[in-house]
Structures are given as structure tokens and as C-alpha cells.
Amino acid sequence: MALLQIAEPGQSPEPHARKRAVGIDLGTTNSLVASVRDGIAVTLADAQGEHLLPSVVRYRATEPPLVGGEALAGAAQDPHNTISSVKRLMGRGADAVKGLGEELPYRLAASDSGMPSLQTVAGNKSPVEVSADILSALAKRAREALGGELDGAVITVPAYFDDAQRQATKDAARLAGLNLLRLLNEPTAAAVAYGLDQKEEGVIAVYDLGGGTFDISILRLNRGVFEVLATGGDTALGGDDFDRLLAQYLLQQSGLADRLDPSSARGVTTLARRIKERLTEEEKVTETLSAGGQSVTVRVSRAQFEALIEPLVKRTLRTCRRALKDAGIDKTEIAEVVMVGGSTRVPRVRAAVGEFFGRAPHIDIDPDRVVAIGAALQADVLVGNKPDSDMLLLDVLPLSLGLETMGGLVEKIIHRNTPIPVARAQEFTTYQDGQTAMAIHVLQGERELVSDCRSLARFVLRDIPPMAAGAAKIRVTFQVDADGLLSVSAQELSTGAVSSIQVKPSYGLSDEAIAQMLKDSYRHAAEDLEARNLREQQVEAERIITALRTAMAQDRELLSEAEAAGLEAEMANLERLIETADYRRIAAGIEQLAKASDFFASRRMDQSISRALSGHTIDEIDQEAH
Amino acid sequence: MDMTRNYFEFLGLPVGFEIDQAELASRYRALQRQLHPDRHAHQSDREQRLAVQHTAHLNEAYATLKSPLRRAQYLLSLAGIETRHDRAPQLDPAFLMEQMELREQVAAAPESRAPEAELERLRALVESELGTLESDFAHAWESGALAQAELAVRKMQFLTKLQSEVAALEDKLFDE
């Protein structure tokens, strides 16, 4: 086991003590991994020098899956086992996915989780597992580039991802064995990549059009604080849709529409993408379209392509207008417009956004890499490599959270664009004498009808003390954390009894299902789950001892001699447990140390508040002391 | 932390309806710099959980003080008057009549010849009436006329609801 390396408070850790943290842009079409090296955030390349990893996984009967370029190369000959654009399926129900079904060449099967399952030669794969395979490939690349195990990762998601889509992404990280530091919204990541360079104050707009998702965020920058004022978007609109429209047009034009089979459908989409990319530079493109054994020459001009995509471009601008309105910001107040995502290379998109905001958008950082770079910068801060950083990202809830009420209506509890973390309590009462249980249906979306919103989960409140109808008052607290993820707790107010809650995510994997997948993956990889559990608990134990030591060095005056000695003893105890190689005992020891240091954590938090209110930051106080 | 301190004290501001928005925003950012979970990411789970709770509380306090209606409601609740759940006292018939007329105009706006301009006109109208009610409240509050202050808040609630209806209709227009 490595020795603990603890930096003096106020000092940066020594270079060799730097932690390995990465930012991952898990995209619909391509994915990237980036890290801060020598003070600069860079994307990491594979052995061939490629930075972009195509988000494609090809499953094989006996061998491990292929990920990236190798998988993409085999897509046309093996369409059923080659999964691309899986991000579109994350957190979606089998029904919603069937809506997209005509375009997808996969064989779908519904599963118990309500999530769709993709039938492959390697068995049924959930979108979470496919994403985990992409994450694993990126993590492997990062371990090789950085020379060791990763301490943590920030993974980006579209700002407009709902709770189920975020949870699915978090589950994929867990399956891939990553320590997830934060889910970060893609436009916010892009703003960080730009903003830190420029140190500006003012309001900026980030227009992010990727392969399968569109986001717009309005942010206020103030001395390292990135405050998201409003966000909007569409998680089913992106460059893939441009390709699809163009592919349909090509088939129509060529008269080969009837000859389409799954493998030539892939070919047509690939051709459409190539034509789209060429039209960025060229006015007219001529290519050969092949389907069902026939080949036809097709010609497309840029004007024709622009006419095809115009309705989609307009849709994104309407979303921009709404986000501005939600932010309470006039177009003229926007100081900068930042373009993110490969699809912002399309000239018509750039022109339309420029016209809308009345200013030329920024394109100085490669739009494909900017999100991963921003994520790497935040990962570096969160993992503890930059204790003096001023950077702080304040994000919002993208879609309103509500509850089902009488008549299939939704009552909103937390409105969209509310800053997170947020907690809201709602009181419920019983409507029958002696009622001991109550069902609650949580939804996300802006519409009034339950049927028009996304169903997130159904909760059953149990163990309500039996009382007369209307006498029991149950306070249900909805909390959204900094990742944008919802949790729910409940308490009966007159007796103080905590009601238990059973959660059934509408389109997600249960904890048991994930545990099972983890077990399966270890069986296949012939690794030892016990060994992994032990390592995880050891790392966690070391982490909390380091954190407590640092805290004690910083705020020793908050502790009496006896209290400090008590904490030292608890830490020594946990250090002994680490050596036992029994992960259950280590876990119990971690719990015990956490309990023993509770009071200290609270005192530190109180002190933070008084410092902030007296106008001093810890940094200033440190500087005064030196 | 003592989460029972009122929001004004929590943000280090004097209790009152008049508020310096720039000062509020700057204190909010200063507290976020200390409390936000990202500031505690490599600390113990307990500290991270505390950070989430404190930041949620801070966000609630900030949202409450930033909005004139919520600030007014909050001041009244500090004085023991709940405006959000209890039954409303009788509002004067002239006000109610005017509200009904406004509501009809809003409902008819999408069918009007220029829906966007019509909604914009109504939005501006509602905003100016809200402005008047806010100064009514400020006066009443400062002179200790709580009943009058409550009346102003009840009226503000009506108009704020109307305001959100206008916004919802504008949203729908964007979707079309």
C-alpha cells in the first residue's frame, strides 16, 4: 500500500502527489477523455494519435467487445451487433425508444427494468452497459497516458438531460469502475474551458449542438464563479438528425428506397454524414450511393442541404429565445457566444446563431474537444489538486419536477432553472381513516398532463401511523444534489415517525441489477470482486483519513485537546483496520470515524459561514497569516 | 449551522423590504464559495452531505430574498402572517373585477390577430401593476400597517399567477 502523502495546508501537493483526474465527454457520436498535465488541460490520444473515440461498440460472441474506430469499421457488415448513438437510449423507456426504432438497426427487447435491451451475440445489453464499455475504453487510455489508476472522473451530460438520463450515466460510470466526482453539464464545461482563458465578467451564451443533443445555457461569469442563469435544450436533436434527413433525401433522389436493408441503411447514413462534412468546405458534392446491390450517382448542393435542415436550426433558435427569457436577459446583454459540438461546424448553423445573437460566435477552441477540456479542469479542482482555485460552478435544474395529482395533472414542486442543490418539502395528508400507505408519482417536464411528462419514479410511503383521515401529516422532502439527481425522504409530522419509501425508477436499473452486472462483468473478466471491494474500501479509508488530517491541520483551534486526541485515536484505529484486508471491517471503521468526526465537520461549516459573512475568504485569511 | 436563523441574517442583510440586489448577489456568491459541495468534494461524506444541505438552504434563502413577492411573503411570515395557505381575506370587488377582465384578455390573447404583441402588452401591464403593489407593500410595511401589507401581498399573488399564465402562453407560442 502506498504511503499517505499529505501537503501542508495552504500549499499545493508536490508534483508526484498530484492525483490522476480526468474529464470525460461521453458523446452521442464521439467521446473524449482529457486531463490537466503540467497545468494545461489536454485531450488524451490513443496509440494511433487519435483523440476522438467513436461512441460505437461491436459485440462479439466469445471475445471482448471492440470499441471505437475498430467497431465502427465493422458496422456495415455486422449491423445488429454494432451499437452506435447509444446515448440516445440512456434513461429512456422501451416505448420511447421504439419511437426512434425505425431508424435503429438493433433488435430491441423490453426488460424488467423498463429499459430497452439490445440483443447481441454477446447477450442482451442495456444502454448503461454499452456506455460503460465506452467509458472503460477511455479509462484504459487515460491510465496508460497518466501512468496509473485514476483517482476520479468528471463526466459530462447534456444540460437538458433529465433525472433518469443522468442516473443512467452515473450507473454506467459505476459499472466501468470509475470514481465519479461530478456529472457536469456540457455547456457549463465549455464555458469553463473558455472562461478560464479569458477571466471575463459578464453574461455568455453557450450553444451546444452535438451528434444527438442540443443545449443552450446562459451563464453569468464573476471572478471564477460560473452561475448558470437558465438552460434549455432538446435531448433528441443533433447532427445525427441532419444525417438522417439527408439520407432520406438521397434515397428519394436515387429511387433506391425500396432496396434498403439494415446493412445498406448504415451505409447510406455513413454516406450522408460524409456528404454533410464535405459541404462545410464545398458548395456541391457528388458521391455514389449503393443499396441492395445497385449503385447510383447522387449530387447535393449546400443550398439543398441547408433547406433540409432549416426547420431543425429554427427549432434550436426558439429554444435559445426561451432560455434568454427564463434567464431574464436581453439578447443585447450577451457579451460572448460560445459554439460547442461537432454540428456547429455546419456553416448554416454558425450563420443562424450569429444572426440571432447579433454577434459572431467564438470558435477558437476545437468544438469537439472543448467540453472534455472543461470537464478536466473541474476534475482537477474537485480531486483536490488546486486547493487555491477560485473556480466554482453553480448549475440549475433543467426540467421542472412535479407530482401527479387528481385527474392526471402534474403539480410542480421545483421549477426548471432553479439553482441546485435544492430541497423542497411538500406536505401530504391521508384521505381515509387508518390509512398507512400512500403512493406518490414523481414526474419531470413542463407540461400539465402526466401523460406529457417523463415519469421518473413511483414511491410508496409506508408505516404511516394509523389515524383519522386528514390527521396524519406527511412531509416529503425532494432534494436535488449538485449532479442534478433527485432523492426523496419522508416524515410524519405529528409523531415524527420516518416513513419508509420504496423507490421504483420508471426507466432505470435498480441497485441490485447493477450489483448483478458488476458480478457478471467480473466473472467474465476473471477478476475477483472481493479484491475490488477491498481496494475500494482501502482507498476510501485513506481518503477520509487524509481529509480529516488536512481539516485538523487547518482548523485545530476548533478542537479541544481531548477532542483532537479522540480523533487521532479513531484515525489510528482505522489505519490498523486497513491492514486487516477485511473490507467489511474497514467499511465499519469508516462509518465509525465519520460518526466520531461529525461535530468537527459541523463546526468547520459554521466557521465557513461566519468567514464568508465577515467578508473574508479562507484564501485571504491564509494570505494574512503568511 | 443554525438553519433557524432567518434568511436576512443568514445572508448578512438588514431585515426589510428594500434590498440592495447587487449586495445580495455578492453575499450569495461569497457564501457559495464556502458552502458549495464542490468546495468539499475531497472531504468526508458527512461534510459533503452538510454542504449539500447548506447550499440548498442558501439557494432557498437567495431565491426568497431576490423575488419581491417572496420577500414580502417572507417578511409577513416572520411577523406571524401566513399568506400562502390560509384563506384569503376579502379583496375589494373593483380589484377582483379588474382581475377577471385581465384574465379574459390573457385567455383570448392566443386567438388575437398578433398574439405575441398582445401577450407582450399584457405582460408589461401586469408588471407595472406589480410595481405599484410593491411600493404599496413597502409603505405599509415600513409604517407597521400589517393588515395593509397583507392585502398588498394577496393582490401581488393574483398578479404573479397571471404573470406566469402569460409566460406559459408565450412558451406555447415558442413551441409552435
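What list of ³J(HN,Hα) couplings, whole Hz, do you get for region A:351-367 from phi and the Karplus terms 6.51, -1.76, 1.60, once you set θ to phi - 60° and write x for glycine and proline?
5, 5, 5, x, 4, 4, 8, x, 7, 6, x, 6, 9, 5, 9, 3, x
Which ³J(HN,Hα) values in Hz, rounded to whole numbers, follow from the phi angles of region A:18-27 under the Karplus curve 6.51 cos²θ - 1.76 cosθ + 1.60, where θ = phi - 60° and Gly and Pro get x?
Computed from phi, the couplings for region A:18-27 are 4, 8, 8, 10, 10, x, 10, 9, 8, x Hz.
Specify the angular offset, from 0 to 90 degrees and rounded to the nearest 10, of the alpha carbon long axis of helix A:127-146 from the longest principal axis of the alpha carbons in chain A.
Orientation of helix A:127-146: about 70 degrees from the principal axis.
Provide the net charge surrounding residue A:430, with neighbours chosen by a C-beta distance below 14 Å and charges set as Lys +1, Arg +1, Asp -1, Glu -1.
Taking every Cβ under 14 Å from that of residue A:430, the sum is -1.
Can you compute the FRET efficiency between residue A:284 and residue B:164 using 1/(1 + (r/R0)^6), with r the Cβ-Cβ distance and R0 = 45 Å? Round to the nearest 0.05.
E(calc), rounded to 0.05, equals 0.35.
Hey, what angle do you get for helix B:146-175 against the long axis of chain B, alpha-carbon based, 0 to 90 degrees rounded to 10?
So the inclination is approximately 80 degrees.
Net charge near residue A:187: determine it from the other residues with C-beta under 10 Å of the C-beta of residue A:187, scoring Lys and Arg +1 and Asp and Glu -1.
That works out to -4.
Tell me, what HN-Hα J-couplings in whole Hz come from the Karplus equation 6.51 cos²θ - 1.76 cosθ + 1.60 at θ = phi - 60° for each residue of region B:33-47, using x for Gly and Pro?
Couplings: 4, 8, 9, 4, x, 4, 6, 10, 4, 9, 9, 5, 4, 4, 5 Hz.
Work out the mean other chain Cβ neighbour count within 10 Å for the residues of A:390-396 and drop it here as an integer.
Rounded to a whole number, the mean comes out at 3.
Please list, ordered by chain and number, the residues whose modelled amide H lies under 5 Å from the amide H of residue A:472; skip anything fewer than 5 residues away on the same chain.
Sorted by chain and number, the residues that satisfy this are A:430.
Which residues' amide hydrogens lie under 5 Å from the amide hydrogen of residue A:157, considering only partners 5 or more residues apart or on another chain, with H built in the peptide plane?
Correct list: A:184, A:185, A:186.
Enter the mean number of other protein chain beta carbons within 10 Å of the beta carbon of each residue in A:416-426, as an integer.
4
For chain A, find the longest principal axis of its Cα atoms and tell me its angle to the long axis of helix A:163-175, 0 to 90°, nearest 10.
The angle comes out at about 80 degrees.
Quick query: amide H of residue A:83 versus all other amide H atoms, modeled in the peptide plane; which residues come in under 5 Å with a sequence gap of 5 or more or a different chain?
Placed amide hydrogens put A:57, A:58, A:59 under 5 Å from residue A:83.
Once you've got the Cα coordinates, tell me which of A:284/B:172; A:412/A:473; A:325/B:155; A:170/A:276 are over 27 Å apart.
Listed pairs above 27 Å: A:284/B:172; A:170/A:276.
Along the three principal axes, how long is region B:23-152 when you take its alpha carbons, biggest first, rounded to the nearest angstrom?
Projected onto its principal axes, the Cα set of region B:23-152 covers 58, 42, 28 Å.
Work through the residues other than residue B:78 whose Cβ is under 12 Å from its Cβ and net out their charges, Lys, Arg +1 and Asp, Glu -1.
0
Over chain A, what is the percentage of antiparallel beta bridges among all DSSP beta bridges, to the nearest 5?
Counting only bridges with both partners in chain A, antiparallel ones make up about 80 percent.
Any read-out appearing in this document is the output of simple, stated calculations on the displayed coordinates, not a laboratory observation. What you see is a predicted model; the values in this text were computed from it and never measured. No Cβ is skipped: glycine too gets one built from the backbone with ideal geometry, and neighbour counts run over all protein chains shown.
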